[in-house]
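First the structure, in the form of structure tokens, and then the observations on it.
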Amino acid sequence: MAYVIGPACVADYSCLEVCPADCIRPRPDDPGFDSAEQLYIDPRSCIDCEACVSACPVGAVHEATRLPTEISGYAEHNAAWFEETA
Ligand code: SF4
Ligand code: SF4
């Protein structure tokens with residue numbers, strides 16, 4: 001299980017600053033950050049601490065098993081970002 005960032009993300013990286021597992025990307029100094037539509041959580045590293053949930057100002061972070069139906073594809077979308085950029 002992991003947490004998932006959905007399309008409401010405004011890429012302000014508040015979550016990235018509180019994540020103890022360093023599993024949210026891209027960072028502001030990563031290539032492509034300026035053009036990133038949102039940030040993503042690496043499901044292989046997330047430790048389910050929920051720190052990102054309370055840090056997010058727009059409610060964009062969801063538990064993977066409780067994703068709203070309309071964004072059910074975002075667990076895969078988050079994981080795919082790391083596969084494509086690894
Ligand atoms: S739940 Fe915790 S470990 Fe997982 S992305 Fe959020 S802050 Fe990072
Ligand atoms: S805190 Fe929320 S809006 Fe900001 S980057 Fe993280 S998921 Fe996106």
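The values are calculated or read from the model by the stated rules, or taken from the named source; none is laboratory data. Because the structure is predicted, anything quoted here is derived from the model rather than measured. Positions of Cβ are generated from backbone atoms using ideal geometry, with glycine treated the same way; all protein chains shown enter the neighbour counts. Side chains included, ligands, DNA and RNA excluded: accessible areas come from the protein's heavy atoms. Shrake-Rupley method; radii C 1.70, N 1.55, O 1.52, S 1.80 Å.
Can we say residue 22 is of a type in the set (Asp, Glu), part of a loop (DSSP other than H, G, I, E, B) and near ligand 1 (Cβ under 10 Å from one of its atoms)?
Yes: the conditions hold for residue 22.
Residue 17 is checked against (1) within 15 Å of ligand 1 (Cβ to nearest atom); (2) open to solvent by 30 Å² or more (accessible area, probe 1.4 Å); (3) under 11 Å from the mean Cα position of the chain (by Cα) and fails just one. What number does that condition carry? Only one criterion in (1) within 15 Å of ligand 1 (Cβ to nearest atom); (2) open to solvent by 30 Å² or more (accessible area, probe 1.4 Å); (3) under 11 Å from the mean Cα position of the chain (by Cα) is unmet by residue 17, namely (3). Here region 28-83 is the region considered, the condition is being assigned to a helix (DSSP H, G or I), open to solvent by less than 40 Å² (accessible area, probe 1.4 Å) and free of Cβ contacts under 8 Å to residues at least 40 places away in the same chain, and the residue that is farthest from ligand 1 (Cβ to nearest atom) is 80. When 3, 13 are screened for being among the aromatic types (Phe, Trp, Tyr) and in contact (Cβ under 8 Å) with a residue 60 or more places away in the chain, only 3 passes.
Taking the criterion of being open to solvent by 20 Å² or more (accessible area, probe 1.4 Å), small (Gly, Ala, Ser) and assigned to a loop (DSSP other than H, G, I, E, B), the residues of region 2-14 that qualify are 8, 11. When restricted to residues that are closer than 16 Å to residue 23 by Cβ and of a type in the set (Ser, Thr, Tyr), region 64-86 contains 2. For region 1-42, filtering for residues that are closer than 15 Å to residue 56 by Cβ, out of contact with any strand residue (DSSP E or B) (no Cβ under 7 Å at 6 or more places or on another chain) and small (Gly, Ala, Ser) leaves 3.
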